[in-house]
Amino acid sequence: MKRKMQMALSLMLALVFVFVTACSSSNTEGGKNTTTPETTNATNEQPAEPMTIRFATGNNPNWDDMQSDIGKFIKEKTGITIKPEFPVGGSSDEMLALMIASDEYPDLVIPGGATNKMVDAGALIDLRPLIEEHAPNIKKVYGEYYNRLRWSKDDDAIYTLSLTGVDHTYFDSGSGFQLQHQVLEAAGYPEIKTVKDYEAAIKAYIEKNPKTADGQPNIGLSLNGGEWQILISVTNPAFYATGAPDNGEFFINEDTYEAIMHYQRPEEREYFRWLNHMNDIGLLDPESFIQKYDQYKAKIASGRVLGLIDQNWDYGQAENALKAEGKFGSTYARFPVTLNETYQDHSFQGTGYLPALGIAITKDAQDPVRLIKFLDYLASDEGQVLLNWGIEGKHYNVVDGKRVIPADLLEQKTNDNNTFVKTTGIGNYNISARYGDGVKDPSGNYYTTTFPEQIQAAYSEEDKKTLAAYGATTYKDLWPSDDSFPERKYGAAWTLPFEATSEANVIFQKTQDIMKKRIPEAILAKPEDFDKVYDQFLKDLEDAGVAKMNQEFTKMVKDRVELWSK
């Protein structure tokens, strides 16, 4: 679970790298960004004293060196220049480990999976006193969830500001099981609810179309199982397909809060048996567990992968390449597929506000007060509109009181997002407290650009055609409604990391190694050998001490419920 969390967050950083703005506060009125680069000097504001801050975070190929429209605006308004420190020749965890070993830190850091270690090392300062005195906007954004930022029931300090959006509403789904639009059209848009439905659509298409138009062999289903994304593409879908929410590597009994590794559920054995069947009949990509991430994306970009089981943020770059070539029939629709119709996909089971992926001010920061004000500006109404929408007249217009993205920019944002982010800076500087999708500002406009009308406007014609065939306006319409399940009182258990030096964490690391060996082995085995391999998998987990680890994790879940109930 901890490994899953830190790796998923590292990828998130690489895709949605975030930076910040200023140390003053102003308002947003009538849907307008009231301060722009053109108006700052006209209002006789004194330029802020120049300051360069060091910021350690994950790699970002779209970082704009503050030369984008938003980057330039931030420097002009705040006087702050951000000097990023990316991992060089290694992971974010290795970079952070070196900082801890040397006891030298930059001004700001996103510690991710190393948060516990940094807190234990005394590297991060308590932000609560700074927030109370200098950051009213931050406190306003978190609102009733402010105390969920506290470190533990024994430590009231706030060491990181969560970057997840507050009061977030999911208007669309980027997960589930994916099928190319052309596969669905060829089958007459059949019901896609169970793995059998999904399999049948792939099988029917590939039998009639064994090769692409340019002569490459079509692939029925490819899994991104060659690297850490085995968690995203191979094992996580096992709990979604069998009626459980995402709690990392664990299944939590919602009544007792007892935890077990989710692989120990008999239902999930049957999901992996289905993948074994897909391999046996030749519909599973035989390279699913040896391919590198770049190879996986290249296959998708070639248009020959008919089905995926993945998250849009993981395959989206490859899908954008298809869009850029006009191959919209080879892009993907998304469905909540389950093992059989007795299960419901729990992707959207509520968690309440879920603090995760925090930013911290370190003990070596040159000016903590200015930094917290810097982050507070970002959390202001003006900062939120700037970072999500950009500058009025350049990145959006106000039409009849509503913010609207020009058609050419919306097309670039949808189909060539990397270029859009690098040139505009929108998406490169979202950090600190922020509102989630669906929250409106005082003008009645949404803070973010993700809401039903905007989502629908960004869909391709193929998306619209497919959704219309299923009586839906967004992909999320195909999932169970938000009120189908009770809210989880512990949030989501994947946000609960074991202590790095604990016995439970040692056991956990062993179970991850076992899983990465046995799950591919079970899926690729001859069908008659599947149960033998899976039984050995469960025995290996038992021998590694899974019962003791489950007991410790159960305690952690119960402690979280107690902490958040206060």
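In table form, for the structure just shown:
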{"read-out": "Options VAL557, VAL561; residue that is touching a Phe, Trp or Tyr at 6+ places or on another chain (Cβ under 7 Å) and at pLDDT below 95", "value": "VAL561"}
{"read-out": "Selected residue [among the aliphatic types (A, V, I, L, M), within 30 Å of PHE537 (Cβ to Cβ) and either in contact with a helix residue (DSSP H, G or I) (Cβ under 6 Å, 6 or more places away or on another chain) or outside the structural domain of GLY358 (by TED's automatic domain parsing) (or both)] from ALA472, ALA458, ALA492, ALA433", "value": "ALA492"}
{"read-out": "Residue match in the stretch 41-62 (condition: of a type outside the set (S, T, N, Q), over 24 Å from ALA121 (Cα atoms) and at pLDDT below 50)", "value": "yes"}
{"read-out": "Looking only at the stretch 71-91, and only at residues there that are of a type in the set (Val, Ile, Thr) and either modelled with pLDDT under 85 or crowded, with 17+ Cβ neighbours inside 10 Å (or both), the one that is nearest to LYS373 (Cα to Cα)", "value": "THR78"}
{"read-out": "Where a residue in the stretch 397-421 is closer than 17 Å to PHE451 by Cβ and its partner, wherever it lies, is among the small types (Gly, Ala, Ser) and part of a helix (DSSP H, G or I), with Cβ under 7 Å and at least six apart", "value": "LEU410/ALA457; LEU410/ALA458; THR414/ALA458"}
{"read-out": "Filter result for GLU94 (outside any helix (DSSP H, G or I) and either at pLDDT below 95 or of a type in the set (Asp, Glu) (or both))", "value": "no"}
{"read-out": "Helices (runs of 4 or more DSSP H) completely within the stretch 356-437 that count 3 or more residues being touching a Phe, Trp or Tyr at 6+ places or on another chain (Cβ under 9 Å)", "value": "381-389, 407-415"}
{"read-out": "Single residue of ALA204, ALA200 found to be out of contact with any helix residue (DSSP H, G or I) (no Cβ under 7 Å at 6 or more places or on another chain), closer than 23 Å to GLU270 by Cβ and without any contact (Cβ under 8 Å) to a residue 24 or more places away in the chain", "value": "ALA200"}
{"read-out": "Criterion: under 30 Å from LYS153 (Cα atoms) and of a type in the set (Gly, Ala, Ser) - qualifying residue of ALA525, ALA468, ALA504", "value": "ALA504"}
{"read-out": "Among the candidates LYS555, LYS517, residue that is without any contact (Cβ under 8 Å) to a residue 12 or more places away in the chain and closer than 21 Å to ARG148 by Cβ", "value": "LYS555"}
{"read-out": "Hits in the stretch 345-358 - residues which are closer than 17 Å to GLY165 by Cα and buried (at least 22 other Cβ atoms within 10 Å of the Cβ)", "value": "LEU357, GLY358"}
{"read-out": "Odd one out for ILE110 among (1) aliphatic (A, V, I, L, M); (2) under 29 Å from THR423 (Cα atoms); (3) in contact with a Lys or Arg (Cβ under 9 Å, 6 or more places away or on another chain)", "value": "(3)"}
{"read-out": "Residue among TYR315, TYR353 that is hydroxyl-bearing (Ser, Thr, Tyr) and in a helix (DSSP H, G or I)", "value": "TYR315"}
{"read-out": "Pick from the stretch 100-119, criterion of a type in the set (Asp, Glu) and touching a residue at least 24 places away in the same chain (Cβ under 8 Å), ranking: farthest from ALA379 (Cα to Cα)", "value": "GLU104"}
{"read-out": "Some residue of the stretch 102-109 being under 25 Å from ASP559 (Cβ atoms) and either more than 24 Å from the chain's Cα centre (by Cα) or surrounded by 22 or more Cβ atoms within 10 Å (Cβ to Cβ) (or both)", "value": "no"}
{"read-out": "Subset of the stretch 177-218 [β-branched (Val, Ile, Thr) and closer than 12 Å to SER330 by Cβ]", "value": "VAL183, THR212"}
{"read-out": "Residues of the stretch 286-330 satisfying the condition of being surrounded by fewer than 21 Cβ atoms within 10 Å (Cβ to Cβ) and acidic (Asp, Glu)", "value": "GLU287, ASP294, GLU325"}
{"read-out": "Leading residue by the ranking (surrounded by the fewest Cβ atoms within 10 Å (Cβ to Cβ)) among those in the stretch 481-499 that are aliphatic (A, V, I, L, M) and out of contact with any Lys or Arg (no Cβ under 7 Å at 6 or more places or on another chain)", "value": "ALA492"}
{"read-out": "Test result for ILE507, assigned by TED's automatic domain parsing to the domain that holds GLY248, in contact with a Gly (Cβ under 9 Å, 6 or more places away or on another chain), part of a helix (DSSP H, G or I) and more than 21 Å from LEU354 (Cα to Cα)", "value": "yes"}
{"read-out": "Selection count, the stretch 471-504, where residues are assigned to a helix (DSSP H, G or I) and over 23 Å from the mean Cα position of the chain (by Cα)", "value": "2"}
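Table: residues versus (1) of a type in the set (Asp, Glu); (2) in a helix (DSSP H, G or I).
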| position | (1), (2) |
| --- | --- |
| ALA101 | no, yes |
| ALA114 | no, yes |
| ASP126 | yes, no |
| GLU133 | yes, yes |
| VAL141 | no, yes |
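The values are calculated or read from the model by the stated rules, or taken from the named source; none is laboratory data. Keep in mind it's a predicted model, so treat the numbers as computed, not measured. Ideal geometry is used to build each Cβ from the backbone, glycine not excepted, and the neighbour counts take in all protein chains shown.
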